[in-house]
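Chemist: Take a look at the following structure, please.
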Amino acid sequence: MRQASPQRQQEMLTAIGDGALGVKALYANMLTGLANAEEMSHFVEFARKLRKGIGSALNQSGIKYLAVAPNSGDRIGYVLSTWGDKPFYWVSQSGKEGLSAFSTPGGGSQA
């Protein structure tokens, strides 16, 4: 976007606004498992700027759905056996926001 002409920028924003082009809120594939709330807010800053209107950092950015793909190795606890291949509704700590979520059945290798 920074390198695009003003006309190309507007074309892209129009396509996003019309729903013809989707932009992932976490488009850069950051390691969210190590991020705190402030960092998560920065991760989705671009998505927030694209929204017409302005929980959690994800909800405040207008994100309604989340696909989770944890590593399938050790140190992940019971994530895959509990949530793998099962949709669920993730509620924020305040209980005021939430989003629909889904975890892959075998971790990130099967995303």
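Throughout, read-outs are computed from the coordinates displayed, never taken from laboratory work. On a predicted model such as this, the values are computed, not experimentally measured, just so you know. No Cβ is skipped: glycine too gets one built from the backbone with ideal geometry, and neighbour counts run over all protein chains shown.
Chemist: For the residues V68, V23, V79, what sequence is obtained by ranking on other C-beta atoms within 10 Å, fewest first?
Modeler: So the ranking, lowest neighbour count to highest, is V23, V79, V68.
Chemist: Can you put F43, F102 in order, fewest other beta carbons within 10 Å first?
Modeler: F102, F43
Chemist: Could you put W83, W90 in order, starting from the residue whose Cβ has the fewest other Cβ atoms within 10 Å?
Modeler: In increasing order of surrounding Cβ atoms, one gets W90, W83.
Chemist: Give the Kirkwood hydrodynamic radius (Å, one decimal) of segment 1-52, defined as one over the mean of 1/r across all pairs of different Cα atoms.
Modeler: 12.3 Å
Chemist: Something else now. Give me the distance in nm between label points sitting 7 Å out from Cα along the Cα-to-Cβ direction at S41 and S92, one decimal.
Modeler: The modelled label-to-label distance comes out at 1.1 nm.
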